[in-house]
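**Student:** Take a look at this one; I'll ask things after.
The values are calculated or read from the model by the stated rules, or taken from the named source; none is laboratory data. If you're wondering where the values come from, they're calculated on a predicted model, not measured in any experiment. Don't worry about glycine lacking a Cβ; one is built from the backbone with ideal geometry, like all the others, and counts go over all protein chains shown.
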Amino acid sequence: MRRIFTAVLGAGLLLTPLAAFANPDVVYTNWRDNVAADGYDVVTFFSGKPQKGKLEFSTLYEGADWYFFNQANKDLFLTNPDLFAPQYGGYCAWAVAKGKLAPGNPDNWHVEDGRLFFTYNGRIERRWQKKRAKFIRLADERWPVLKAD
């Protein structure tokens, strides 16, 4: 999967305007399955120690399957999913700030002001970190339009 996206990125096609996609999902999932956050328990990011979730503690939210490390984390998520779900549906926050869509990668994450953000890769994460406040403001402005298209 990463080879495919790397090849597409190299061709300059990955950061394509959303209008080029036919009804993108509100939550980014891998093309092979319907699992959000690459199977990570999104609650665990807020403790600073992300862990993979387990199928037995899964739930459906916003059309995607979410996995949790334990029942307690699943229950906590279900009390307020928007609090724990990654911003911009788990798409790359830097790309959303640019008005585009790219997959978010839970290996490149950041929690700020109680919000979880994913970026595409380490290089993009470094760009994101340099002007994080500006990119968050831009992504917050652009996400409603992107997800509505």
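**Student:** For region 46-60, give me each residue that is more than 16 Å from Leu78 (Cα to Cα) and crowded, with 18+ Cβ neighbours inside 10 Å.
**Tutor:** Pro50
**Student:** Follow-up. Here are Asp82, Asp38: which of them is within 23 Å of Leu146 (Cβ to Cβ), within 13 Å of the chain's Cα centre (by Cα) and touching a residue at least 40 places away in the same chain (Cβ under 8 Å)?
**Tutor:** Asp38
**Student:** Here is a list of conditions, (1) outside any helix (DSSP H, G or I); (2) at pLDDT 90 or above, and Asp25 meets all of them except one; can you say which number that is?
**Tutor:** Status for Asp25: all satisfied but (2).
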